[in-house]
């Protein structure tokens, strides 16, 4: 079963590049070129991982993180050109799960996506195992 990814970046060239790269690696990808568009799409499409840019007009990445965390715990991978420890910390504090700096080698990006999806899958599996069994008569 393919990993579902939602990529949110205001640069159409970046979302197209992510789309092409990830589809070629077997992922199912949806893209949005604005923060509010991405949040709306998230309500319709349940991804395994969100790839999110920080610097976007309108609703920026920090705001998207805050909005998403109000209704979802889907892993958020920040993919940003901002290479500043303060930005990394504030993105993680806003609800992001991982942070990569552009440009990033495609293999590293794919490995981070797989890791986040694997951890989510394992957490869901462990939660299901911890639920008490109900007896039926």
Query raised in the report: Taking the Cα atoms only, what angle lies between the long axis of helix 85-94 and the longest principal axis of the chain, rounded to 10 degrees?
Result: 40 degrees
Query raised in the report: Per residue of the chain, what 222 nm ellipticity follows from adding -39500 (n - 2.57) for every DSSP H run with n ≥ 4, rounded to the nearest 500?
Result: -15500 deg cm²/dmol
Query raised in the report: Say we join alpha carbon atoms closer than 10 Å with springs in a Gaussian network model of the chain; which of 89, 117, 34 then has the biggest fluctuation?
Result: 89
Report summary line: Row for the range 1-55, column shape: gyration tensor on C-alpha, a ≥ b ≥ c, rounded if a/c < 1.5 i.e. under 1.5, prolate if a/b over b/c, else oblate; value oblate
Requested in this report: Springs between alpha-carbon atoms under 10 Å, Gaussian network over the chain: tell me which of 20, 109, 100 tops the mean-square fluctuations.
Outcome: 20
Query raised in the report: Once the convex hull of the C-alpha atoms of the range 4-130 is built, how many Å³ does it hold per residue, rounded to a whole number?
Result: 104 Å³
Query - Helix axis angle, 35-44 relative to the chain longest principal axis, alpha carbon, degrees - result: 20 degrees
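All of the numbers you see were taken from the coordinates with simple rules; none came from a lab. Everything numeric in this text was worked out from a predicted model, so none of it was measured.
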